[in-house]
Amino acid sequence: MADLSLRHVNKKYSSNTSAVKDFSIDIEDEEFVVLVGPSGCGKTTLLRMIAGLEDLTDGEIYIDGRRVNQLSAKDRDIAMVFQNYALYPHMTVYDNMGFALKLKNLKKKDINRKIEEAAKILGIEHLMDRRPAALSGGEKQRVALGRAIVREPKIFLMDEPLANLDVQLRGQMRIEITKLHKTLKSTMIYVTHDQIEAMTMGDRIVVMKDGEVQQIDTPENIYNHPANLFVAGFIGSPQMNILEGTVHQQNNIAVVRLIDGTELAIEADMAEILLDKGYNDKNIYAGIRPEHLNAVVKSSPDKKMTYISGEVEVIENTGADVYLHLKKCGIKMIAKISKIAEIELEDQVNIAVNPSDIHFFDEETGEAIIKL
Amino acid sequence: MSFLFLDKYAWYYINGAKNTILLTCIALFFGIILGLMFALLRLSDNKALKYVAVAYIEIIRGTPILIQIMILYFGVTQYISFPEIPALSKLIGYDSSDFMAGAAAVAINSGAYVAEIIRAGIQSISKGQMEAARSLGLTKSMAMRYVIVPQAFKNILPALGNEFVTLIKETSVVSVIGIMELTKAGDIVRGATAKGFEPLIVAAVIYFSITFTASKLVGLLERRMRVSD
């Protein structure tokens, strides 16, 4: 397999719009990296540049230390799996998988062996004589993966391969691809706009927006330490509650006063950082994930917690979880709780939050104010 | 209205019909080769090649086939003569060099229309097919040859079938340079029998029989192709 380096990669179109801006990353051999971001953020363009299907405006791409900018797609030793599968409709599954090998003049028995191995891994041995038109979405996706596997490429590129599948099948295929990565021990770069896929599949996640990298980190770090407001809002479902407030110092402790007057306690070491960085009496954003908001109806206050109250606007019961949509003086929040308790619509509820679960972001830059 | 003349002149019609079918097949065969070549040139990234293809296609489609035949027969053949092919001469019953000139003119005309049919067919194939092929290790030309063109041909079969049927009728214009095909046969019989109407009716009925049969065969082939999907 192979490692991959992208150095200051840029892509500008003739209309002077930038699809990718100064993108750099080093991907190690056997790593599974997920590019995630909203539609039009440049992730597919980036994948196509790695594949050699799109020219770079600027920058360099290295595969195994070899600069590949000028190499055509066929010489880069990569294999790409597309969102719409792009199977050859005039060929059987067997021919789809073996076609590139046949053109390489491999021996028939070697081709058969490779196809059989890949088909066994993917569980598609029984489909060999069928044409793509006779396959279901999941089967087509497996064949597309098989077609890539038989080539034994240095790098696998996957462009939203599960986007066209139904929810249940998508969940299944997510596990299949993760297992496939473990089996093949290959370098994989996977594009998606589904943050569940990103969080569950990637060794590292690259969050992109408007062609720029917002954060590159492990799923855990991206979730627990988002680099900015965009990452905080994009990763996590439902998304993080963002509350606007002002930092105030009161008798050696600091609080964030929200626009409705509610005061949220700030953890001591975080308060120190905020004050050291000159945030006293300045506006900042406080971010709290829905699962860190606990609905408390009638219980005595816990000294370790800080509280926000709000009126229940909507209750969404998904079975496993309950989402409470709350509002207070124009502030809207979502709390994710495990059971419904005795909460009803239009109830005033107290929401407890641990100060250590609050993220803080600079109002002007949107960057996270991080504990050192 | 009497058709008794057929006893004596039926052979003219049989020979004319045979030559019409032969002319159509030769013209379509070379028309497809020319069409594929110029379609690929028109889709090429090389501007010079693209302009050559556009010029050929637009000039041929923008001028009448009758004028093209006359230019080729009375103009070009003064400098380039078509060789005599004994086997073909034997088959058609007269000197094959004129026949080849007529076939060439019809093929060149058909090539321009076929080029546009093929170009549209190639462009109807999803861009993803070329990209998938290239990302799986194929060169552009390999992808075109093994992936794009086979799919395109399946898509354009109805249009090529129509071109074949149209060509059967269009070959009638080569009668102006004296080639013995179905229209010319009707003309000869008209002159020999002094009947102005009936010999042409016979020719029309034979044309209809050929084109109707050809249409049905094309339809059958289309259905076969659909089933194979």
Practice prompt. Given a cut-off of 18 Å, name the pairs among A:Lys120/A:Lys179; A:Lys21/A:Lys277; A:Lys43/A:Lys209; A:Lys102/A:Lys182; A:Lys74/A:Lys140; B:Lys18/B:Lys195 whose C-alpha atoms lie farther apart than that in the structure shown.
Written response: A:Lys21/A:Lys277; A:Lys102/A:Lys182; A:Lys74/A:Lys140; B:Lys18/B:Lys195
Item to complete: Starting from one equal scatterer on each C-alpha and no solvent at all, send me the Debye-based log10 I(q)/I(0) for the range A:4-234 at q = 0.09, 0.14 Å⁻¹, two decimals.
Response: -0.37, -0.90
Worksheet entry | Between the range A:92-153 and the range A:196-213, the alpha-carbon center distance in angstrom | 29
Worksheet item: Please state the relative contact order of the range A:306-367 as a whole percent: Cα pairs under 8 Å, 6+ residues apart?
Response: 36
Practice prompt. Run down the aspartates and glutamates and flag those whose C-alpha is under 17 Å from the C-alpha of A:Lys11, throwing out any fewer than 8 positions away in its chain.
Written response: A:Asp22, A:Glu54, A:Asp55, A:Asp58, A:Glu60, A:Asp210, A:Glu212
Discussion item. Treating only the Cβ of Lys, Arg, Asp and Glu as charged (+1, +1, -1, -1), what charge dipole size does the range A:4-234 show about its Cα centre? Round to the nearest 20 debye.
Written reply: 940
Response to the item:
One checks the Cα atoms of the range B:23-180 and finds Rg and Dmax, in Å, of 17.7, 55
Fill in: Share of alpha-carbon pairs per 10 Å distance bin for the range A:1-121, given as whole %
11, 35, 32, 19, 4, 0
Worksheet item: For the range A:241-362, what is the relative contact order in percent, using Cα pairs closer than 8 Å and at least 6 residues apart in sequence?
Response: 29
Worksheet entry | Point-charge dipole on Cβ atoms (K/R +1, D/E -1) for chain B, about Cα centre, debye to 20 | 660
Worksheet entry | Accessible heavy-atom area order of B:Ile67, B:Ile179, highest first, probe of 1.4 Å | B:Ile67, B:Ile179
Worksheet item: With the dipole of chain B worked out from charges on the C-beta (+1 for Lys and Arg, -1 for Asp and Glu) around the Cα centre, which of B:Leu40, B:Ile26, B:Ile57 lies farthest toward the positive end?
Response: B:Leu40
Worksheet item: In what sequence, largest accessible area first, do B:Phe212, A:Phe82 appear using a 1.4 Å probe?
Response: B:Phe212, A:Phe82
Item to complete: Express the Stokes-Einstein translational diffusion coefficient of the range A:241-362 in µm² s⁻¹, to the nearest whole number, given a Kirkwood radius over alpha-carbon pairs, 20 °C and a viscosity of 1.002 mPa s.
Response: 144
Worksheet item: Tell me, what is a quarter of the convex hull surface for the C-alpha atoms of the range B:86-161, in nm² with one decimal?
Response: 6.9
Response to the item:
Expressed as a whole-number percentage, the relative contact order of the range B:23-180 with C-alpha contacts under 8 angstrom and at least six residues apart is 34
Discussion item. When 1/r is averaged over all different Cα pairs and the result inverted, which Kirkwood radius in Å belongs to the protein assembly as shown?
Written reply: 30.2
Fill in: Values of log10 I(q)/I(0), in the order q = 0.09, 0.15, 0.22 Å⁻¹, for the range B:114-216 under a Debye, Cα-only, solvent-free model
-0.42, -0.72, -1.06
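The values are calculated or read from the model by the stated rules, or taken from the named source; none is laboratory data. Quick caveat: nothing in here was measured; it's all calculated off a predicted structure. Methodologically, a virtual Cβ is constructed for each residue, glycine included, from the backbone with ideal geometry; neighbour enumeration extends over all protein chains shown. We work out accessible area using only protein heavy atoms, side chains counted, and drop any ligands, DNA or RNA first. Shrake-Rupley method; radii C 1.70, N 1.55, O 1.52, S 1.80 Å.
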